[in-house]
Amino acid sequence: VKICGGRTRVVPPRPDGTVDVSAVTASMAGTKVLVLCNPSNPSGEVLGREALEEIGAAAREHGTVVLADEVYSDLVYGDAGFCPFLRACPDMVDHTIALHAVSKAFAMTGWRIGWAACPDAVAAKMGALMSQSTSNPCSISQWAALAALEGPTDFFDEWRAAFHRRRDLVVDGLNAIPGIECLRPDGAFYAFPVVRDLLAKLGMGEDEDVKLAGRILDEAHVASVPGSPFCAPGHIRLSYATSEQDLEKALERIARWVADN
Ligand SMILES: Cc1ncc(COP(=O)(O)O)c(C=O)c1O
């Protein structure tokens, strides 16, 4: 955004951490590009077709380009299903940059391979920028990504089932801790509980989630990410991309730490 001389505006989520679709559409006037992350990091929320159509209609009205970051689209649980932005709004094809990567669905974080489906003119500009900044992704990673995309994907069902179990383990475990309230997200691998009551119990302000995450790390030895950098104070984000055993240990540690403080 800065390279283009632009200004970033963040549409804060609702108090429970979910996307405020009407606030997104209301902020579209004068917006050149909307970054839409679905399924969401940090909340794991999955926007359905109706919400996407609403956002698409506003983008169309104001000539806004939608950058649809859909890197978690293979990690959606239960009956939720995933609707790509361009399936909901096919007439936005000339105004959409759809992003994907191997890092999440193929557990290839660190291989640094992602891609965009977008109009040729945008792809050419991206190529010019990348060739002058990073040269290119390393060829070993490119071949590995190709193998991932062309290889069998029958492991997805098993992975999804494992993530589904972990999600329920973490959400149920968090909701059993006084002062923590967690929605059950449909996708990604994050829980994004509201911790306002816990902050109040500890004598901390709603916007002191950074300090809270630091204390949980130092004193309970569990790593979380505070909500404030995501413009969602009063939350913390926990990743469940780890074993059920480790998740149980983490939940026990947080529960004990909350009881002791
Ligand atoms: C929504 C979203 N998009 C993109 C990325 C970037 O993924 P990577 O650079 O590992 O491919 C992440 C990583 O956390 C993410 O959460």
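The values are calculated or read from the model by the stated rules, or taken from the named source; none is laboratory data. Just so it is clear, the structure is predicted and the values come from calculations on it, not from any experiment. Methodologically, a virtual Cβ is constructed for each residue, glycine included, from the backbone with ideal geometry; neighbour enumeration extends over all protein chains shown. Calculation scope for accessible area: heavy atoms of the full protein, side chains included, ligands and nucleic acids excluded. Shrake-Rupley method; radii C 1.70, N 1.55, O 1.52, S 1.80 Å.
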Q: Sort through Ala117, Ala121 and tell me the only one that's without any contact (Cβ under 8 Å) to a residue 60 or more places away in the chain, within 16 Å of the ligand (Cβ to nearest atom) and either open to solvent by 50 Å² or more (accessible area, probe 1.4 Å) or within 15 Å of the chain's Cα centre (by Cα) (or both).
A: Ala117
Q) Filtering segment 32-64 down to residues that are β-branched (Val, Ile, Thr) and open to solvent by 40 Å² or more (accessible area, probe 1.4 Å), which residue is farthest from Gly17 (Cα to Cα)? A) Val33
(Q) I'm told Ile97 meets every condition in (1) at pLDDT below 95; (2) more than 26 Å from Asp154 (Cα to Cα) except one. Can you identify the failing condition by its number? (A) (1)
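Just need a number here: residues in segment 12-31 that are open to solvent by 70 Å² or more (accessible area, probe 1.4 Å) and at negative phi.
The first filter runs over segment 12-31 and keeps only residues open to solvent by 70 Å² or more (accessible area, probe 1.4 Å), leaving 12, 14-15, 22, 26, 30.
After this cut, where a residue has to be at negative phi as well, the list is 12, 14-15, 22, 26.
Residues flagged as open to solvent by 70 Å² or more (accessible area, probe 1.4 Å) and at negative phi within segment 12-31 amount to 5.
So that you can scan it fast, the table gives a plain yes or no per residue for (1) open to solvent by 50 Å² or more (accessible area, probe 1.4 Å); (2) at pLDDT below 95; (3) among the β-branched types (Val, Ile, Thr); (4) more than 18 Å from Asp172 (Cβ to Cβ):
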| site | (1), (2), (3), (4) |
| --- | --- |
| Ile216 | no, no, yes, yes |
| Pro226 | no, no, no, yes |
| Gln245 | yes, no, no, no |
| Lys249 | yes, no, no, no |
Q. Does Glu181 meet the test of being among the charged types (D, E, K, R), modelled with pLDDT of 95 or more and in contact with a helix residue (DSSP H, G or I) (Cβ under 8 Å, 6 or more places away or on another chain)?
A. yes
Q: Give the residues of segment 34-64 that are touching a residue at least 40 places away in the same chain (Cβ under 8 Å) and in contact with a Ser or Thr (Cβ under 9 Å, 6 or more places away or on another chain), sorted by residue number.
A: Asn38, Pro39, Ser40, Ser43, Glu45, Val46
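One line per residue, one yes/no per condition, for (1) among the acidic types (Asp, Glu); (2) at pLDDT 95 or above:
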site	(1), (2)
Asp120	yes, yes
Gln132	no, no
Cys138	no, no
Asp154	yes, no
Arg167	no, yes
Asp172	yes, yes
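Going through Ser131, Ser135 one at a time, which residue ends up being without any contact (Cβ under 8 Å) to a residue 24 or more places away in the chain, part of a helix (DSSP H, G or I) and more than 16 Å from the ligand (Cβ to nearest atom)?
Details: Ser135 fails: part of a helix (DSSP H, G or I).
Within the list Ser131, Ser135, the selection yields Ser131.
How many of the residues in segment 97-114 are over 22 Å from Arg160 (Cα atoms), open to solvent by 50 Å² or more (accessible area, probe 1.4 Å) and more than 9 Å from the ligand (Cβ to nearest atom)?
Total satisfying the criteria: 0.
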Q. What number of residues in segment 61-79 are within 16 Å of the ligand (Cβ to nearest atom) and farther than 15 Å from Asp91 by Cβ?
A. 9
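Yes/no matrix, rows are residues, columns are (1) small (Gly, Ala, Ser); (2) touching a helix residue (DSSP H, G or I) at 6+ places or on another chain (Cβ under 8 Å):
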residue: Met130; (1), (2): no, no
residue: Ser133; (1), (2): yes, no
residue: Cys138; (1), (2): no, no
residue: Ala145; (1), (2): yes, no
residue: Leu149; (1), (2): no, no
residue: Pro152; (1), (2): no, no
residue: Phe155; (1), (2): no, no
residue: Arg166; (1), (2): no, yes
residue: Leu169; (1), (2): no, yes
Q) Are any residues in segment 89-131 within 19 Å of Leu36 (Cβ to Cβ) and of a type in the set (Phe, Trp, Tyr), and if so, which ones? A) Trp115
Q) When you look at Ala176, is it open to solvent by 60 Å² or more (accessible area, probe 1.4 Å) and either modelled with pLDDT under 95 or in contact with a helix residue (DSSP H, G or I) (Cβ under 9 Å, 6 or more places away or on another chain) (or both), yes or no? A) yes
Q: Could you list, in sequence order, all residues of segment 190-214 that are surrounded by fewer than 21 Cβ atoms within 10 Å (Cβ to Cβ) and more than 17 Å from Ile177 (Cα to Cα)?
A: Gly203, Met204, Gly205, Glu206, Asp207, Glu208, Val210, Lys211, Gly214
